[in-house]
Structure formats: C-alpha cells, structure tokens
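> So that we are looking at the same thing, I have put the structure below in structure tokens.
The values are calculated or read from the model by the stated rules, or taken from the named source; none is laboratory data. Just so we're clear, the structure is a prediction, and the values are computed from it rather than from any experiment. Cβ sites come from the backbone with ideal geometry, for glycine too, and all protein chains shown count toward neighbours. Side chains included, ligands, DNA and RNA excluded: accessible areas come from the protein's heavy atoms. Shrake-Rupley method; radii C 1.70, N 1.55, O 1.52, S 1.80 Å.
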Amino acid sequence: MMLRRGFILFLPRLVGLLVVACCSVSIVYMLACTPKGDNQQFALPRVHSPTAKEGYEVILQEREEQHHNYIISLKKQIAQLKAELQDRSKQLKNVQDQYPDPLDVRLDHSNPEKAQANLLAFLRSQIGKAEVHSGVKLSTEYAVVPFESFTLQKVYQLETGLTRHPEEKPVRKDKRDELIEVIELAVGSLNNPEGDSNAKHRVYTASDFIEGIYRTEKDKGTLYELTFKGDAKHQFKKIVLFRPFGPVMKVKNENVNMADTLINVIVPLAKRASKFRQFMQNFREMGIQQDGRIHLTVVYFGKEQMNEVKSILENTSKSANFKNFTFIQLNEEFSRGKGLDIGARFWKGNNVVLFFCDVDIYFTAEFLNSCRLNTQPGKKVFYPVLFSQYNPSIIYGHHDSIPSLEQQLIIKKETGFWRDFGFGMTCQYRSDFINIGGFDLDIKGWGGEDVHLYRKYLHSNLIVIRTPVRGLFHLWHEKQCLDELTPEQYKMCMQSKAMNEASHGQLGMLVFKQEIETHLHRQKLSSKKT
C-alpha cells in the first residue's frame, strides 16, 4: 500500500518531467529545421503572431515561391544557352562549309580537282580572316600591323632594314617585283571594268598611279590599296588587292645527327693577351666542357705578347685536358682576312665546319649547335647576326658597380643592338670556303674582307642563312681607328665605334647632362622655398 501510494504521488511529477522534455526537444527541432531565406533566417512565431501552424504555412509558401522563381530563372538561362549553342553550331558549320580544312588542301592528292577547288576556297577565305573589310579589336598599340606607303619610284618604310633609309628605291628584287606586279594588275583591272564591255572607257597607265599603301599579316596575306587619278579633278579611282597566303605545306621531315660534327674555331690575333685570356675562359666552359666537339686554331701575327698568349693556351690545355688546338705564328702585319684564310687552309683532316671568330666574342654551347644545324656542305652557309654590347660604364653608370659579364649578357635595347651590318662571324664547311675562293688577301688591316666573302656567297647558288641568334655576343671594347686605314675603312671603323657606345637615348642623356643637372638644381631650390 505504501508503495502504491508513493507511486501515485510520483506519477504527476513524472508526467510533468516528460512534458518538459518533449517541449525542449520540440523547440530544439524547430530551431534546427526552420527554413532560411536567401539573405536571412525566418524567426519562430512569437506572441501576438499567427499560430505556429499558420506561421509555418506562411514560411513554407514563401519558400516555395522562391524556389519556383529560381527554377523559372534557370529555365530561361538554359533556353538562352541552348539558343546560343545552336547559333554557334550553325556559324561553325557555315565556316567549315565555306573554308576547307588546310589538311584537305595539303594532303588530298587522289582527287586533283577537289584539291584545286579546296585550295581556291581556302585562298578566298583568307580575305575574310584578314583585316580587309572590317577592323579587329587589338589589345595594345604594339599589336598594330602598320602599313607602308609607296609611289612609282619610292617606298616609305618603318622597317628600314640594313640600309637604314626611311625612304628608298626598293633594293630587294622581291619587293621591287612585288610592287610592279601589283601596279600592273591594278591598271589591268581599271582598263577591264566589270559590266558593259562595249562602253567606252578611259585607258589607264602606270603614270596615273598616285600612291599606294600595303601591309602584310604573316599568317593571312598582303593587302594593297592603290589610288589612281580619276576622270575629273578631285576624283580618284581606288583599287584594293589582296595576295593571300596558302596553307602550310610540309617540305621535309628528317633526323639530323650532329654527334660527330666537329667545329674548327679560327681566331686571328695580334697582341691583346688580356682579351685572349677572357676568350679562353668562355671557350673552356662552353666549347670544351659543355660541347666537347671543337677544335681551336689561333693565327698569331708578330711576336709581341706571343709567349703570354701561348702560355694561356697551354695552361688551358693542361687544366682541361684539351689537345685539339693549333697555334700558327706569322711574322707580318695583322690582316684578319689573311689570318682566317691561312687557318682554314691549314686544316688537313676531313671536311669540317669553320667558325670564323674574334677574340672579343662570347658564344654559348647552344650557338655551336646552331652553327652546325644551319650549315650544309654544298648547300648552306650560316651568317648569324650577333648582339653587340654597349659600353658597360655608360649602361651601368648609375649603379654602385658593374655586374659580372654573364649578368651583362641580356638582349634588351638598353644593353645593346643587333649588329646587322657586321658579317665577320660566320659558319661554313671548309669545302664551301675553298670552292668559293676564300678571302681577298689584298685587303689589309680592319674591315672589308668579311663583306667581300659574304658577297661571294650571295653570288653563288648556296643558301645564305642570315638570322639573329641569342647565343652570340660582341663584347664591348674601346675601338681604335688607325691612320693607316684607307678612307673607306676609316669611315666604316668610326661608324662602328659610334654605334658601340650606347643607345640613342643614353647618348642624349650624356649630351644634355649639364641641362639635366641645372634643371634638377632649380627644382631643388624651388622646393626649399616652398
């Protein structure tokens, strides 16, 4: 009885505890599961608000509307993307139908008529790709392909080439023939207009040509716009022509093995022992240690400093275990052409690549491979355009110290220039050098002999590879132009000396140094007053 009575008394308390626990669980559940809006969380129903059931119905309805609107927005975006994809697919199909695949043009030899039709369609398509009928959005002013202008007699050019002439009669035969052909085609077009062939027309000649402009997009073709005199004053005829470039065609695919191709570096020298020591450091690192397929021939003129030069050569031979060198001594006045000629003819081994070099040249192992790859006996000779270093004391005059030589060898307009007027550093097989007749030994001293040899190769059937190379540098040194040189040689020497010192802007800063310092002084005084 006592237990029963106690249980009856405890039962209301137990029920109360269960009710409290259930309420707590319900509150936690509602807090955890209450839906959230896009930017905020909905609150629980409060006092004086709709009942809990009505509040949640409102929340659910709002959430459902949000989802519904979001689904409608996604459907619209998907529909727009599908439409855009269909448009792009149609455009791509039209392009593919209009412009044949270059591979079809290049490879379909089984059907010559189809290949010819595809080629013609491809050439026509180049007009659409080029900037002929409409402009093209460019990222910067450096992306512009400029026009050059021309008349019957002159070409006005931004890329002046070796002549450095902003205007000139076209020297290169290909450019001269190109412009003559274009003018003749334009005259023919004016004299054969489309339409009524029976109508009387004025007869145009090349003398009616006023001026033209042209430019080349190297992957598309050349655009020409020519202006002729019209039928009356202030009237003109304008002809637009386009020379399309065809698809790329494979010419050759071959393996080239240069493992056994030896290079004989020939250096003519007189005195300059300190420069020769610097040259041998470069030769040892790049030629002996990195390349290893190299021979050195030094042709030395006179006896002054000869023992020092021989000692440098012998020390390098011992320390690097290098035996592939030849030292030739001549008791006569220095002649670069004669030294190179004697060094080339002295070789008695198999046909070898000759690299005519100077003591103030720095080359890399990569250049030596370029020397091999761009020469071929009876076929090709290599005339690299080297990068000529400016005077380091001017370039780095504002620095605390001049950087090391390796750090100076940077190809930038502030540090040097492409020496495109120099033809002294060249690679060719010995057999080609002998067959062409070698150097003109009547030329004495500095300059002239390299141009003479270069012209011999140009007049032959050999291919002359002329290109800038990143691994060949002319190190700056003070140039002395001797009184013994002929007037033409002396002029060439002085021009070379002027170009070697610094860039146009850097020389200008030296010329106007006093003005600049005066300006800075005035600015300093003005700032003190304020």
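> Given the whole protein assembly as supplied and a 1.4 Å probe, what does the accessible area of V256 come to in Å², nearest 10?
Approximately 80 Å² of V256 is accessible to the 1.4 Å probe.
> I've got another one for you. What does the extension gain come out to for A232 and S393, with contour length at 0.36 nm per residue minus their alpha carbon separation? The partial results should precede the final answer.
Numbers: separation 161, 0.36 × 161 = 57.96 nm, distance 6.34 nm.
Full extension of this stretch gives 51.6 nm more.
> While we're here: Per the 1.4 Å probe, what fraction of the accessible area of segment 263-508, in percent, lies on carbon and sulfur atoms? Let's see the in-between values first.
Working: 5850 of 11710 Å².
That fraction is 50 percent.
> Among G212, G287, V182, whose Cα sits farthest toward the positive end of the charge dipole of segment 177-287 (+1 at Cβ of Lys/Arg, -1 at Cβ of Asp/Glu, about the Cα centre)?
G287
> Is the shape of segment 263-508 best called rounded, prolate or oblate, per the rule: a/c under 1.5 gives rounded, else a/b larger than b/c gives prolate, else oblate, with a ≥ b ≥ c the square roots of the Cα gyration tensor eigenvalues? Walk me through the intermediate numbers first.
On the way: a/c = 1.32, a/b = 1.19, b/c = 1.11.
Judged from the Cα gyration tensor, segment 263-508 comes out rounded (a/c under 1.5).
> Can you compute the modelled spin-label distance between N192 and R215, with each label point 7 Å from Cα toward Cβ, in nm?
Using points 7 Å along Cα→Cβ, the separation is 3.1 nm.
> Keeping all protein chains in place, calculate the accessible area per residue for segment 263-508 (probe 1.4 angstrom), answer in Å².
Numbers: 11710 Å² over 246 residues.
That works out to 48 Å² for each residue.
> Answer with one residue from G424, G437, F301: the one whose Cα lies farthest towards the positive end of the charge dipole of segment 263-508, charges on Cβ with Lys, Arg +1 and Asp, Glu -1.
G437
> What length, rounded to one decimal in nm, is gained on full extension from S526 through to A79, with 0.36 nm per residue of separation minus their alpha-carbon distance?
Details: separation 447, 0.36 × 447 = 160.92 nm, distance 6.79 nm.
Between S526 and A79, full extension yields 154.1 nm more.
> May I ask you to compute the full-extension gain from N111 to I465, defined as 0.36 nm times their residue separation minus their alpha-carbon distance, rounded to one decimal in nm?
Details: separation 354, 0.36 × 354 = 127.44 nm, distance 3.69 nm.
Difference between extended and current length: 123.8 nm.
> If you don't mind, another one. Just how large is the dipole of segment 263-508 about the Cα centre, in debye to the nearest 20, putting +1 at every Lys and Arg Cβ and -1 at every Asp and Glu Cβ?
Working: 29 positive and 25 negative charges, 152 e Å.
That gives segment 263-508 a dipole magnitude of about 740 debye.
> Additional query: List every residue whose amide H lies under 5 Å from the amide H of Y429, counting only residues 5 or more places away in sequence or on a different chain, with H placed 1.01 Å from N in the peptide plane.
Close amide H contacts, sequence-distant or interchain: L354, Q376.
> Could you do me a favour and compute the accessible area per residue for segment 128-222, 1.4 Å probe, result in Å²?
On the way: 6730 Å² over 95 residues.
For segment 128-222, the solvent-accessible area averages 71 Å² per residue.
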